[in-house]
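Peer 1: Take this structure first; my questions come after.
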Amino acid sequence: MTEKRYAEAEGVRLAYISKGRGEPLLLVHGITTYSFLWRRMIPGLAKRFKVIAPDLLGCGDSDKPPDRSYSISAQADLLARFLDALGIEKVHFTGHDIGGGIGQIFAVRYPERTTSLVLINTIGYDYWPVQPITSMRIPILRELGMAALDRGFLRLLVRRGLYHKDRVTEELMDLFRAPLRTREGRRGFLRLAKSLDNRHLMDIAGDLKRMKTSTLIIRGDADPYLSPEISERLHRDIPGSKLIVIPTGGHFIQEDEPELLTEHIIDFIREETGKEEVYERERGDLPAEA
């Protein structure tokens, strides 16, 4: 994988991968993962965009402070400051799982900084969190849960989340397990799990209906963890949004269909960018084509 870089925002260090040139494309992962989940997509996306894939606070190689909020609301604001540190004003925001929830909040709070929004197997409304994440809030179950992860439960969780079961390789599991091998990494994961609160998305549910950001919603139809009602309701609520359902995609669809996901994202942004260029040309902001 590409070597990690680091940027400081609000007094914490966030690790990230950066590759390519062009318009900035932010890739935000979900819980149980970190930036590694985009590794099969980054090479293709980097041919068109400047790809930036951070590790969220508490995840991967980013800081895991005990005295900070790890909520999706706080993560959205922290990503805004992270982009400030990188000198980036606007991004195409792509989020998976809780990263999609963070993307919804980011697009509502910072519409002027969100060029487009792609939500992949995203959380939404009050249909989450789901088991086994919710059990991490109860002390005794939390201890048992972390022990189970050490004993192989994580492999079962990953296998269930993939459509192509043969892709559960030792290489993949090593990447999933890496942060959990240290006490600090396990504590970071537990703080993140404990902080999940669906009220943060219910608070912006009405705002989604007034959102003007071009939005693509991608649902892996074999996702066993998140209800299809989330994607369907988001599609109904977000004006002009586009919904794509991929039958051969599980929850970790980046492993199941990386090339297809990459193609959908590039095509969507190209189409939306083309619409904006036409609009700007009609307003006279761009010179007419020769």
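The values are calculated or read from the model by the stated rules, or taken from the named source; none is laboratory data. The model shown is predicted, which means the values in this text are computed figures rather than measured ones. Counting neighbours? That spans all protein chains shown, and the Cβs are built from the backbone with ideal geometry, glycine included.
Peer 1: So which helices (runs of 4 or more DSSP H) are wholly in segment 141-255 and hold at least 3 residues that are among the hydrophobic types (A, V, I, L, M, F, W, C)?
Peer 2: 154-160, 170-177, 183-195
Peer 1: Can you tell me which residue within segment 64-123, out of those that are touching a strand residue (DSSP E or B) at 6+ places or on another chain (Cβ under 8 Å) and among the small types (Gly, Ala, Ser), is farthest from Arg21 (Cα to Cα)?
Peer 2: Ranking the qualifying residues of segment 64-123, first place goes to Gly101.
Peer 1: What are the residues in segment 102-113 that are surrounded by fewer than 23 Cβ atoms within 10 Å (Cβ to Cβ) and either outside any loop (DSSP other than H, G, I, E, B) or free of Cβ contacts under 8 Å to residues at least 24 places away in the same chain (or both), if any?
Peer 2: Result: Val108, Arg109, Pro111, Glu112, Arg113.
Peer 1: Residues that are of a type in the set (S, T, N, Q), at pLDDT 95 or above and under 12 Å from the mean Cα position of the chain (by Cα): does segment 23-40 have at least one?
Peer 2: Yes, because at least one residue in segment 23-40 is of a type in the set (S, T, N, Q), at pLDDT 95 or above and under 12 Å from the mean Cα position of the chain (by Cα).
Peer 1: OK, next. In segment 264-290, how many are surrounded by fewer than 13 Cβ atoms within 10 Å (Cβ to Cβ) and either modelled with pLDDT of 95 or more or in a loop (DSSP other than H, G, I, E, B) (or both)?
Peer 2: Of the residues in that region, 7 qualify.
Peer 1: Find the residue count for segment 210-241, including only residues that are out of contact with any Ser or Thr (no Cβ under 7 Å at 6 or more places or on another chain), free of Cβ contacts under 8 Å to residues at least 60 places away in the same chain and either of a type in the set (Lys, Arg) or under 20 Å from Val28 (Cα atoms) (or both).
Peer 2: So the answer is 2.
Peer 1: Does segment 37-57 contain at least one residue that is surrounded by fewer than 24 Cβ atoms within 10 Å (Cβ to Cβ) and of a type in the set (Asp, Glu)?
Peer 2: no
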